[in-house]
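J.: Quick one: this structure, given as structure tokens, is what I'll be asking you about.
The values are calculated or read from the model by the stated rules, or taken from the named source; none is laboratory data. The shown structure was predicted, so the numbers you read here are calculated from the model rather than taken from an experiment. We place every Cβ from the backbone using ideal geometry, glycine too, and count neighbours over all the protein chains shown.
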Amino acid sequence: MTKAANINMTRRGVLAGAGALSLASLIYSTKRSQAAGSVLRVRSYGDIQTLDPAFRLAAPEGDITNVIFAGLVVATPGDSWGWKPMAVEKIEQLDPLTIAFKLRDNIGFTDGFGQMTAEDVKFSIERLADPANKSPYAGDWATLKEVEVKDKLSGIIHLSKAFAPLWTSTLPTPSSTILSKRAVTEAGGKLGVKPVAQSGPYLLKEWTPKQRTVLVRNPDWKYEQGGYDEIHVHPIEDEKTAELGYEAGDLDYTWTSVSSIKRLKETPPADTVVVEKPSLAFVWLGMNQIAAPFDNPDLRRAVQYGVDRKAVVDAAYFGAAATSTGIIAPGLIGHREKNLYEYDPDKARELVNKAGASGVTVTLDILNKAERLSAAQVVQANLQDIGINVEIKQNDSGTFWTLGSKQNPYYKKLQMVLSRFSMQPDPSWATEWYTTSQIGEWNWEQFSSEEFDKLVTEGKIELDPAKRDVMYKKMQDLMEESGCYVFLTHEVTGVMYRKSVAAGLKPNGEPCFADFKPA
Amino acid sequence: MSEQALIERQPRERIGKAGRVLRRILREPLGAFGLALVVIVVLSALFADVLTNYPPTKLAPADRFAPASLQHLLGTDHLGRDLFSRVLHGGRIALAIALGATGLSLIGGIVLGLIAGYGPRWLDNLMLLLFDAIKSFPTVMLALTLVTLTGPSLLAVLIVVVLVNVPGYARIIRTQTLVLKSAEHVMAARSMGASTARILTVHILPNVIGPILILASMDIPVVVAIEAGLSFLGLGVRPPLPSWGAILNDGFVNIRDSYWIVVAGGLPIILTTLGFTFLGETLRDVFDPRLKRRE
């Protein structure tokens, strides 16, 4: 009998062996990760669904594409909005219609796609602007005429008309990301979640859906280096859950829920910096005007009168956030001083009866987050008070962000939605999403107004701040008059991070991953 | 003995048997404890409206996170709702789902089990394949899939529980039916020309239903936990209806602001689970003492 034949393979033995093996592999992977160098663990509020900057769905995707692909310029961290060169050695506006750029000489694409050239700049910007490609961000380059290639690294961006938001909400955003022409063409014209031809200071090394995205330092990136060897991005939808993760030591940086800011500032976790930042984001209650019963304008108006916005915001954010008067935050051009329709439950009941909708039941879709659920429940109570029953439907982020998309047949049935958009520091970025052409993309209320569409176009090419102010106020009036919107709040942004981290944050608290450094 | 005397004696015998069972349950400390818990949970759910003046969905944000007091026995949640009221009304929903879903599962399991056990071999094999296929789905995954397709609702929870439980019950009924199929009294009934329906309902069903009722009573806490779990994830009972799982979730996300919400949501789940489990185990011992001796 051989020695091997004497091995006693009991079930318990096999289980013990498997357990020991798992433990050993866990220790090994942890050690390997520690040995690899410094790691920053950050939380993002959503998982990636695409890494194509032209078709990004939410800010967390932009945060990642901003570091794995080089843009012409990139936003700077700090308390005021600004930008710095990324792929360009030099960029300057020669006149209101002409921007000249010269690329840095040795930015390479991974996967053998060669050096970044002006031809790639032309391809990337014109691809995003071309209406045929149906990028939801085409409006960021609304007045682009063409990108002229002067030589291998230089070119000129020609605009047909002056473009006010160019240096605030177009160039320093993923809309100026340069992709490899050859790589995108070979990929069939669109990138998915597997990035090819990366070019930024970090590379996407690994993506485990719903768990984490691992970014590693790009050894070929020759310019300003990121502060960490690896950045682990953990998608955690709910801020309150993220807070618990942070306090358990699993994260180095996270947004907090608005309702927790006061408590965290008073009693912060150990070795933690808690910061409150003004937010430009906007939260609103939307009604789809083509879906019954909200195809009745009286019922939409009833909801506008029937929602006690202060009660909703106070309940959701524990008094930490103020109500809003529109989609443009205080301090920006076009911010309105007041709403057109304030809380008036008696008038709301009258309108419900006029619409013959007393006792009607409608669905309110929300993202599955604690604050949204609280807000939705107050809306539910308010509307029940005026004779409208509301069923709250909680969705995870993957489902939620496709509810109003043309690819999802539900976009015609969607009735009410509680939503939040992040924002760039130019009013055009707020109004952009409510044009007729955005129906089936981001305009989930299917609001359609020729006057509004015209103002959106004109607002971008008007350079006089006073005139723009009037235009953007008018646009919000039109939105509210349509009955499709109840503007709720701009929130505030709560951020916390370890004292061992020097966080690279934009003025509104959004992260610039490459600018995070060890303190 | 006259026929009249027989008729009068039967209910008395039944009462006597029920009394004996009750006495035996009460003799077992865990059984008595389980029964007490179940009675408390059931009565508090039934009389929720009498035991508290606060409507369970009434919002009062100004009173949020109020600690336990005479006014609010379990305090209030983040929207100022009275937690005692929500727990009691949540019990009503939990028990309604548990009893409703278990009842439906029993009916489904019995019907399918009888068909599988008494029907032709090929049908038995086909149904076994189907039962195993359904059982092979992890409960949570099945629930997530169904809720994604239908949207979160009480009905979705009910369907999930029925789908998960029916194969287990059906398998037990099927096995016992297979044994009884060739029992003398069944063969005698068949030879006397009794229909299949009569054989199944009169001669087989009464002999197989006992064990499955005990099993069902022990499944009630499992169903309560499934409902609470789905509601915790936002996939079960829709807001603002109170559910223990939803209360637990409210407590989880606000645990740094107030710990008592978690306690208010968790305690009834624990007590209900313990109560039905202890009661079910005692009932099993009472009806099948051999099991207890083996232990």
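J.: In segment A:36-66, how many residues are modelled with pLDDT of 95 or more, among the hydrophobic types (A, V, I, L, M, F, W, C) and more than 19 Å from A:LYS190 (Cα to Cα)?
T.: Result for segment A:36-66: 3.
J.: From the list A:LEU373, A:LEU351, A:LEU383, A:LEU340, exactly one residue is out of contact with any Pro (no Cβ under 9 Å at 6 or more places or on another chain) and under 22 Å from B:GLY151 (Cβ atoms). Which is it? So that I can check it myself, show each step before the final result.
T.: Numbers: A:LEU373 fails: out of contact with any Pro (no Cβ under 9 Å at 6 or more places or on another chain); A:LEU351 fails: under 22 Å from B:GLY151 (Cβ atoms); A:LEU340 fails: under 22 Å from B:GLY151 (Cβ atoms).
Every option except A:LEU383 fails the conditions.
Condition check ((1) under 22 Å from B:ILE107 (Cβ atoms); (2) assigned to a helix (DSSP H, G or I); (3) out of contact with any strand residue (DSSP E or B) (no Cβ under 6 Å at 6 or more places or on another chain); (4) of a type in the set (A, V, I, L, M)) across all residues:
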residue: B:ALA197; (1), (2), (3), (4): yes, yes, yes, yes
residue: B:THR201; (1), (2), (3), (4): yes, yes, yes, no
residue: B:LEU205; (1), (2), (3), (4): yes, yes, yes, yes
residue: B:MET218; (1), (2), (3), (4): yes, yes, yes, yes
residue: B:VAL223; (1), (2), (3), (4): yes, yes, yes, yes
residue: B:GLY245; (1), (2), (3), (4): no, yes, yes, no
residue: B:GLY280; (1), (2), (3), (4): yes, yes, yes, no
residue: B:ARG284; (1), (2), (3), (4): yes, yes, yes, no
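J.: Any idea which of (1) of a type in the set (D, E, K, R); (2) crowded, with 16+ Cβ neighbours inside 10 Å; (3) more than 21 Å from the chain's Cα centre (by Cα) is the one A:GLU371 doesn't satisfy?
T.: (3)
J.: Which one is modelled with the lowest pLDDT, of the residues in segment A:238-261 that are touching a Phe, Trp or Tyr at 6+ places or on another chain (Cβ under 6 Å) and either surrounded by fewer than 21 Cβ atoms within 10 Å (Cβ to Cβ) or of a type in the set (Val, Ile, Thr) (or both)?
T.: Only one residue tops the list, namely A:VAL258.
J.: How do the pairs read when you match residues in segment B:68-79 that are within 14 Å of chain A (Cβ to nearest Cβ) with residues anywhere that are buried (at least 23 other Cβ atoms within 10 Å of the Cβ) and of a type in the set (Asp, Glu), using Cβ under 7 Å and keeping only pairs 6 or more apart or on different chains?
T.: B:THR76/B:ASP82; B:ASP77/B:ASP250; B:HIS78/B:ASP250
J.: Confirm whether B:ARG256 is among the charged types (D, E, K, R), surrounded by fewer than 18 Cβ atoms within 10 Å (Cβ to Cβ) and within 14 Å of chain A (Cβ to nearest Cβ). It would help to see each step written out before you state the result.
T.: Working: among the charged types (D, E, K, R): yes; surrounded by fewer than 18 Cβ atoms within 10 Å (Cβ to Cβ): yes; within 14 Å of chain A (Cβ to nearest Cβ): yes.
It is true that B:ARG256 is among the charged types (D, E, K, R), surrounded by fewer than 18 Cβ atoms within 10 Å (Cβ to Cβ) and within 14 Å of chain A (Cβ to nearest Cβ).
J.: Taking the conditions exactly as written (in a loop (DSSP other than H, G, I, E, B) and small (Gly, Ala, Ser)), does A:SER448 satisfy them or not? Walk me through it before giving the result.
T.: On the way: in a loop (DSSP other than H, G, I, E, B): yes; small (Gly, Ala, Ser): yes.
Yes; evaluated as a whole, the condition is true for this residue.
J.: To continue, here is another question. Taking A:GLN407 as the residue in question, decide whether it is surrounded by fewer than 21 Cβ atoms within 10 Å (Cβ to Cβ), in a loop (DSSP other than H, G, I, E, B) and among the polar types (S, T, N, Q). Step through it out loud before you land on a result.
T.: Working: surrounded by fewer than 21 Cβ atoms within 10 Å (Cβ to Cβ): yes; in a loop (DSSP other than H, G, I, E, B): yes; among the polar types (S, T, N, Q): yes.
Yes: the conditions hold for A:GLN407.
J.: Also, quick follow-up: For segment A:186-209, does any single residue satisfy the condition of being away from chain B (no Cβ under 14 Å), among the charged types (D, E, K, R) and assigned to a helix (DSSP H, G or I)? Before the answer, list the steps.
T.: Taking segment A:186-209 first, the residues away from chain B (no Cβ under 14 Å) are A:186-209.
Restricting the remaining residues to those that are among the charged types (D, E, K, R) gives A:186, A:190, A:194, A:205-206.
From the residues that got through so far, the ones that are assigned to a helix (DSSP H, G or I) too are A:186.
Checking segment A:186-209: at least one residue is away from chain B (no Cβ under 14 Å), among the charged types (D, E, K, R) and assigned to a helix (DSSP H, G or I).
J.: Where residues in segment A:290-317 are touching a Ser or Thr at 6+ places or on another chain (Cβ under 7 Å) and in contact (Cβ under 8 Å) with a residue 60 or more places away in the chain, which of them is surrounded by the most Cβ atoms within 10 Å (Cβ to Cβ)?
T.: Filtering segment A:290-317 down to residues touching a Ser or Thr at 6+ places or on another chain (Cβ under 7 Å) leaves A:309-310, A:313, A:315-317.
When the remaining residues are screened for being in contact (Cβ under 8 Å) with a residue 60 or more places away in the chain, the result is A:309, A:313, A:315-317.
Working: A:ARG309: 24, A:VAL313: 26, A:ALA315: 26, A:ALA316: 32, A:TYR317: 24.
The residue in question is A:ALA316.
J.: Keeping to segment A:94-123, report how many residues are farther than 18 Å from A:PHE163 by Cα, part of a loop (DSSP other than H, G, I, E, B) and either aliphatic (A, V, I, L, M) or touching a Lys or Arg at 6+ places or on another chain (Cβ under 7 Å) (or both).
T.: Summing the residues that are farther than 18 Å from A:PHE163 by Cα, part of a loop (DSSP other than H, G, I, E, B) and either aliphatic (A, V, I, L, M) or touching a Lys or Arg at 6+ places or on another chain (Cβ under 7 Å) (or both) in segment A:94-123 gives 5.
J.: Turning to a different aspect of this structure: Got a number for residues in segment A:334-350 being buried (at least 24 other Cβ atoms within 10 Å of the Cβ) and outside any loop (DSSP other than H, G, I, E, B)?
T.: Pass one, segment A:334-350, residues buried (at least 24 other Cβ atoms within 10 Å of the Cβ): A:334, A:348.
Adding the requirement that they be outside any loop (DSSP other than H, G, I, E, B) leaves A:348.
The number of residues fulfilling the criteria is 1.
J.: Take the residues in segment A:227-253 that are more than 14 Å from chain B (Cβ to nearest Cβ) and not in a strand (DSSP E or B); name whichever of them is farthest from A:ARG498 (Cα to Cα).
T.: For segment A:227-253, the residue satisfying everything is A:ASP229.
J.: Follow-up question, since we're still on this one. Output yes when any residue across segment A:118-130 is aromatic (Phe, Trp, Tyr) and touching a strand residue (DSSP E or B) at 6+ places or on another chain (Cβ under 8 Å), and no when none is. So that I can check it myself, show each step before the final result.
T.: Keep residues of segment A:118-130 that are aromatic (Phe, Trp, Tyr), which gives A:123.
Add one more test, that the residue is touching a strand residue (DSSP E or B) at 6+ places or on another chain (Cβ under 8 Å), and what stays is none.
No: segment A:118-130 contains no residue that is aromatic (Phe, Trp, Tyr) and touching a strand residue (DSSP E or B) at 6+ places or on another chain (Cβ under 8 Å).
J.: Among A:THR431, A:THR436, A:THR399, A:THR361, which is the only one that is β-branched (Val, Ile, Thr) and within 11 Å of another protein chain (Cβ to nearest Cβ)?
T.: On the way: A:THR431 fails: within 11 Å of another protein chain (Cβ to nearest Cβ); A:THR436 fails: within 11 Å of another protein chain (Cβ to nearest Cβ); A:THR361 fails: within 11 Å of another protein chain (Cβ to nearest Cβ).
The conditions single out A:THR399.
J.: Hey, another quick one. Inside segment B:227-246, can you point out the residues that are under 19 Å from the mean Cα position of the chain (by Cα) and surrounded by fewer than 24 Cβ atoms within 10 Å (Cβ to Cβ)?
T.: If the condition is that a residue be under 19 Å from the mean Cα position of the chain (by Cα) and surrounded by fewer than 24 Cβ atoms within 10 Å (Cβ to Cβ), then B:GLY229, B:PHE232 are the ones that fit.
J.: So in segment A:157-213, with the set limited to residues that are β-branched (Val, Ile, Thr) and surrounded by fewer than 17 Cβ atoms within 10 Å (Cβ to Cβ), which one is nearest to A:LEU72 (Cα to Cα)?
T.: Taking segment A:157-213 and keeping what is β-branched (Val, Ile, Thr), we get A:157, A:168, A:170, A:173, A:177-178, A:184-185, A:193, A:196, A:208, A:213.
Remaining after also requiring surrounded by fewer than 17 Cβ atoms within 10 Å (Cβ to Cβ): A:185, A:193, A:208.
Values: A:THR185: 20, A:VAL193: 22, A:THR208: 29 Å.
That would be A:THR185.
J.: So B:ILE270 passes all but one of these: (1) surrounded by fewer than 24 Cβ atoms within 10 Å (Cβ to Cβ); (2) in a helix (DSSP H, G or I); (3) within 11 Å of another protein chain (Cβ to nearest Cβ). Which condition number does it fail?
T.: Looking at each condition in turn, B:ILE270 falls short on (3).
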